[in-house]
Amino acid sequence: QVQLVESGGGLVQAGGSLRLSCAASGRTFSSYLMGWFRQAPGKEREFVASISIAGLSRYYADSVKGRFTISRDNAKNTVYLQMNSLKPEDTAVYYCAHVRRLQVPTPQDTNAWGQGTQVTVSS
């Protein structure tokens with residue numbers, strides 16, 4: 001099973017940017033659909049973005065469209081989430097995941113999770 005490690009979270013002011021990274025172990029990363037989810041305090045984990053194996057197809061939650069960009073580098077076994085124009089409501093723990101479905105996967109459509117990285121956006 002793939003192991004995933006997120007990094008890049010932190011504290012940022014509203015309107016700022018962060019780039020999250022998720023490093024994967026194993027030699028089969030390039031065959032995995034990948035996604036990002038987030039979970040705010042007291043809320044359920046929700047889908048943020050997903051990306052196809054070659055990176056040609058991407059899906060986003062309506063709440064982040066136009067602000068977030070998911071990408072991947074298969075040579076580095078890494079998936080990224082570039083987050084721009086951050087809002088206080090983006091505050092959450094962000095998780096990357098190996099997903100089984102590309103189009104708007106649910107948390108149940110996952111095979112593996114990272115440990116999460118905290119993103120806090122101050123107003």
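Numbers for the structure displayed
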{"read-out": "Residue satisfying condition, being open to solvent by less than 40 Å² (accessible area, probe 1.4 Å), charged (D, E, K, R), in contact with a strand residue (DSSP E or B) (Cβ under 9 Å, 6 or more places away or on another chain) and in contact (Cβ under 8 Å) with a residue 40 or more places away in the chain, within set R38, R45", "value": "R38"}
{"read-out": "Condition met for L33 (loosely packed, with under 14 Cβ neighbours inside 10 Å, at pLDDT 95 or above, more than 28 Å from A14 (Cβ to Cβ) and not basic (K, R))", "value": "no"}
{"read-out": "Residue within the stretch 65-75 that is over 12 Å from the mean Cα position of the chain (by Cα), open to solvent by less than 50 Å² (accessible area, probe 1.4 Å) and over 17 Å from V2 (Cβ atoms) present", "value": "yes"}
{"read-out": "Qualifying residues in the stretch 48-64 (those that are buried (at least 16 other Cβ atoms within 10 Å of the Cβ) and among the β-branched types (V, I, T)) - the one farthest from K87 (Cα to Cα)", "value": "I51"}
{"read-out": "Residue selected from the stretch 95-123 under the condition among the β-branched types (V, I, T), assigned to a strand (DSSP E or B) and closer than 20 Å to Q82 by Cα, by the criterion most open to solvent (accessible area, probe 1.4 Å)", "value": "T120"}
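The values are calculated or read from the model by the stated rules, or taken from the named source; none is laboratory data. Here the structure is a predicted model, which is why all the values come from computation and not from measurement. With ideal geometry, Cβ positions are generated from the backbone for all residues, glycine too; neighbour counts draw on all protein chains shown. To get the accessible areas, we keep the full protein, side chains included, count just its heavy atoms, and leave off ligands, DNA and RNA. Shrake-Rupley method; radii C 1.70, N 1.55, O 1.52, S 1.80 Å.
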